[in-house]
Amino acid sequence: MSERLFLRLDDDPVQGPEADAPAGTLQAAPVSTALRLHISHILLCSERVAAGHEVLERVLPDGAVRLIFNLGEVCSPSAVVVGASTAPALVRLRGRIDGVSLTLRPGRAAGLLGLPAGELAGTTVHLETLWGGEGTRLLERMARTPDDAARMAMLHAALQRRLCEADGNARSQRAATHAARLIAASGGGRPLREVAETVGVGERRLQQLFHAHVGLPPRAWSRLARLHGCLRALRRQTNPDWAQMAIDHGYYDQSHLANEFRALCGLTPTEFLGRAVSGSSKTPD
């Protein structure tokens with residue numbers, strides 16, 4: 001069984017240059033204007049793994065909540081909600097993969113899903129558990145429809161209905177989104193007390209907002225933001241000074257950086273860099 005890497009950061013159109021999914025297997029689908037505040041991006045997946053083979057894909061965490069529709073032939077169609085996590089996901093791929101992956105923006109999960117995002121953290125839940133018959137019917141209709149454009153129309157319509165029916169607190173959602181963006185923009189370096197003050201809440205309330213709308217505690221979100229800043233820097237250099245890299249990105253020292261890489265990626269920094277450079281033709285020389 002072969003293993004490959006998948007990484008997508010906010011500014012990557014489809015996948016990051018480190019990811020080595022075969023060219024053409026992923027395609028970005030447009031997000032309607034009505035959903036852009038809630039949906040970060042939509043990816044269409046289409047791939048066939050040779051009979052008798054299996055691919056293990058290591059998906060590095062971005063802290064997002066996702067809706068994933070598996071419409072392939074390996075098993076009966078399924079739709080799941082994947083909660084926010086700080087751990088890499090190991091996904092086994094075999095047979096024909098045909099699916100849709102929809103990423104929610106931080107702070108917007110509760111309105112679409114109908115429960116606090118923190119209750120889904122680190123778990124995978126069938127969509128019908130959250131949406132009941134509506135989730136089942138949507139999955140069945142998408143599975144019967146081979147045309148991607150028609151599937152996207154169904155999905156967008158269902159999400160817009162959910163938003164119209166949602167009884168969420170728009171002010172709390174905006175506050176959570178604002179706080180998450182502040183942390184991400186600082187590469188995880190902005191003190192949480194300062195983030196809370198900027199948003200206009202106390203630190204305890206900030207914790208509550210993240211539990212309800214983001215799905216991870218603020219400190220966990222900061223850890224991911226710091227890692228992502230480091231990953232972006234690695235795209236610009238193939239022979240980094242790890243000690244300086246640690247200092248530049250807010251780690252105590254090189255050992256702290258290495259420990260965080262292992263915890264969040266399941267790889268050491270040098271293992272990640274070796275995989276990123278050797279495993280992808282998209283990585284710059």
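The values are calculated or read from the model by the stated rules, or taken from the named source; none is laboratory data. None of these values were measured; they are calculated from a predicted model. Using ideal geometry, Cβ is built from the backbone for each residue, glycine included, and neighbour counts are taken over all protein chains shown.
Numbers at a glance
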item	result
From Glu197, Glu134, residue being assigned to a helix (DSSP H, G or I), among the charged types (D, E, K, R) and either surrounded by 14 or more Cβ atoms within 10 Å (Cβ to Cβ) or not assigned by TED's automatic domain parsing to the domain that holds Cys265 (or both)	Glu134
Any hit, the range 200-207, residues being in a helix (DSSP H, G or I), of a type in the set (Lys, Arg) and under 21 Å from the mean Cα position of the chain (by Cα)	no
Top-ranked residue in the range 84-107 [being farther than 18 Å from Ser222 by Cα and outside any strand (DSSP E or B); ranked as farthest from the chain's Cα centre (by Cα)]	Gly95
Check on Pro77, closer than 25 Å to Arg232 by Cα and either of a type outside the set (A, V, I, L, M) or out of contact with any strand residue (DSSP E or B) (no Cβ under 8 Å at 6 or more places or on another chain) (or both)	no
Every pair of residues 6+ apart whose Cβ atoms lie under 9 Å, when the first sits in the range 146-161 and is assigned by TED's automatic domain parsing to the domain that holds Cys45 and under 13 Å from Leu44 (Cα atoms) while the second is charged (D, E, K, R) and not in a helix (DSSP H, G or I)	Pro146/Asp98
The range 218-249 - residue that is of a type in the set (Gly, Ala, Ser) and under 16 Å from the mean Cα position of the chain (by Cα) and, of those, surrounded by the most Cβ atoms within 10 Å (Cβ to Cβ)	Ala225
Any chance Ala51 is assigned by TED's automatic domain parsing to the domain that holds Ala158, more than 21 Å from Leu112 (Cβ to Cβ) and within 13 Å of the chain's Cα centre (by Cα)	no
The one condition in (1) outside the structural domain of His213 (by TED's automatic domain parsing); (2) in contact (Cβ under 8 Å) with a residue 24 or more places away in the chain; (3) of a type outside the set (Ser, Thr, Tyr); (4) exposed (fewer than 14 other Cβ atoms within 10 Å of the Cβ) that Gly114 fails to fulfil	(4)
Unmet requirement for Ala180, which otherwise passes all of (1) without any contact (Cβ under 8 Å) to a residue 40 or more places away in the chain; (2) in contact with a Phe, Trp or Tyr (Cβ under 7 Å, 6 or more places away or on another chain)	(1)
Asn259 vs. criteria surrounded by fewer than 16 Cβ atoms within 10 Å (Cβ to Cβ), outside any helix (DSSP H, G or I) and out of contact with any Cys (no Cβ under 9 Å at 6 or more places or on another chain)	no
Residues (assigned to a helix (DSSP H, G or I) and surrounded by fewer than 18 Cβ atoms within 10 Å (Cβ to Cβ)) located in the range 179-194	Arg181, Leu182, Ala185, Arg193, Glu194
Residue in the range 200-217 that is surrounded by the most Cβ atoms within 10 Å (Cβ to Cβ), counting only those that are small (Gly, Ala, Ser) and touching a Ser or Thr at 6+ places or on another chain (Cβ under 9 Å)	Gly215
Single match in Arg171, Arg137, Arg161 (criterion: charged (D, E, K, R), modelled with pLDDT under 90 and out of contact with any strand residue (DSSP E or B) (no Cβ under 8 Å at 6 or more places or on another chain))	Arg171
Selection from the range 59-83 of residues that are in a strand (DSSP E or B) and farther than 22 Å from Ala150 by Cα	Val59, Val82
Every residue from the range 1-58 that is small (Gly, Ala, Ser) and either in contact (Cβ under 8 Å) with a residue 60 or more places away in the chain or assigned to a loop (DSSP other than H, G, I, E, B) (or both)	Gly16, Ala19, Ala21, Ala23, Gly24, Ala29, Ser32, Ala34, Ser40, Ala50, Ala51, Gly52
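One line per residue, one yes/no per condition, for (1) charged (D, E, K, R); (2) crowded, with 19+ Cβ neighbours inside 10 Å:
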{"position": "Gln27", "(1), (2)": "no, no"}
{"position": "His38", "(1), (2)": "no, yes"}
{"position": "Leu44", "(1), (2)": "no, no"}
{"position": "Glu54", "(1), (2)": "yes, no"}
{"position": "Asp62", "(1), (2)": "yes, yes"}
